[in-house]
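First the structure, in the form of structure tokens, and then the observations on it.
The values are calculated or read from the model by the stated rules, or taken from the named source; none is laboratory data. In this text the structure is predicted, and so the values were computed from the model without any measurement. No Cβ is skipped: glycine too gets one built from the backbone with ideal geometry, and neighbour counts run over all protein chains shown.
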Amino acid sequence: MLGYNVEEIIAPKVRYLAEVAGAGREGAAAIILARPARLRLSIDRNLRPTLRFVEDNFPDTSLAVTMSLTGYSLAGRLMPRVRLLHKHDQAGRFAASTIARCTNETFCEKVGITIEEYDAEVAACVREHAEKHPGPETVAGVGGEGGGEGAVEIAG
């Protein structure tokens, strides 16, 4: 983090969190201090789409919870799970944090689907997201299955 360019990496994310996400300067600082790895996230490929997605699908979710969800892959975890809940008439059954945190196997059991159906939905969402938000190659984040970190861009 010490090597990040303040003007190119840090300031835009602080500004985005403070002004657009509504956290204010102190809130933005608290969000970043709570998980400095968020500075690696792209505003256009991760923060903005994730905040919009959570707001659209879970409108009563607090900013603090929404920010915790930025550690999960939008296309690889959040989107496919919400789509599958809609497909199986279970939308609104779980809070955003619940669907994000459970393992793939647990999610499939709760919804009553196969891991193959889940994997197919993930693949479709990843393709769609990559087409809509082209950018640098991504790598799987820290934490693995159910661990909390999603795809993180290599370049900020």
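One table, with the values for the structure above:
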read-out: Test: residue in the stretch 71-78 that is over 17 Å from Ala21 (Cβ atoms), part of a helix (DSSP H, G or I) and without any contact (Cβ under 8 Å) to a residue 12 or more places away in the chain; value: no
read-out: Filtered residues of the stretch 16-33 (kept if assigned to a helix (DSSP H, G or I) and touching a residue at least 12 places away in the same chain (Cβ under 8 Å)); value: Tyr16, Leu17, Val20, Gly27, Ala28, Ala29, Ile31, Ile32
read-out: Every residue from the stretch 3-33 that is loosely packed, with under 12 Cβ neighbours inside 10 Å and either closer than 18 Å to Leu63 by Cβ or touching a Phe, Trp or Tyr at 6+ places or on another chain (Cβ under 8 Å) (or both); value: Gly22, Glu26, Leu33
read-out: Qualifying residue in the stretch 101-113 (condition: within 17 Å of Asn46 (Cβ to Cβ) and not β-branched (Val, Ile, Thr)); value: no
read-out: Pairs with Cβ under 8 Å, 6+ apart, first in the stretch 88-103 and more than 14 Å from Leu78 (Cα to Cα), second surrounded by 12 or more Cβ atoms within 10 Å (Cβ to Cβ); value: His88/Val111; His88/Ile113; Gln90/Val111; Arg93/Leu85
read-out: Scope the stretch 34-52; condition outside any helix (DSSP H, G or I) and of a type in the set (A, V, I, L, M); matching residues; value: Leu41
read-out: Any hit, the stretch 88-95, residues being more than 16 Å from the chain's Cα centre (by Cα) and within 24 Å of Asn46 (Cβ to Cβ); value: yes
read-out: Within the stretch 59-70, considering residues that are surrounded by 21 or more Cβ atoms within 10 Å (Cβ to Cβ) and either of a type in the set (A, V, I, L, M, F, W, C) or in contact with a strand residue (DSSP E or B) (Cβ under 8 Å, 6 or more places away or on another chain) (or both), the one farthest from Glu26 (Cα to Cα); value: Leu69
read-out: Extreme residue, surrounded by the most Cβ atoms within 10 Å (Cβ to Cβ), among residues of the stretch 73-126 that are of a type in the set (Ser, Thr, Tyr) and under 21 Å from Arg52 (Cα atoms); value: Ser73
read-out: Test: Asn46 is polar (S, T, N, Q), surrounded by 13 or more Cβ atoms within 10 Å (Cβ to Cβ) and more than 19 Å from His133 (Cα to Cα); value: no
read-out: Only listed residue being at pLDDT 85 or above, basic (Lys, Arg) and closer than 21 Å to Pro12 by Cα, chosen from Arg48, Arg83; value: Arg48
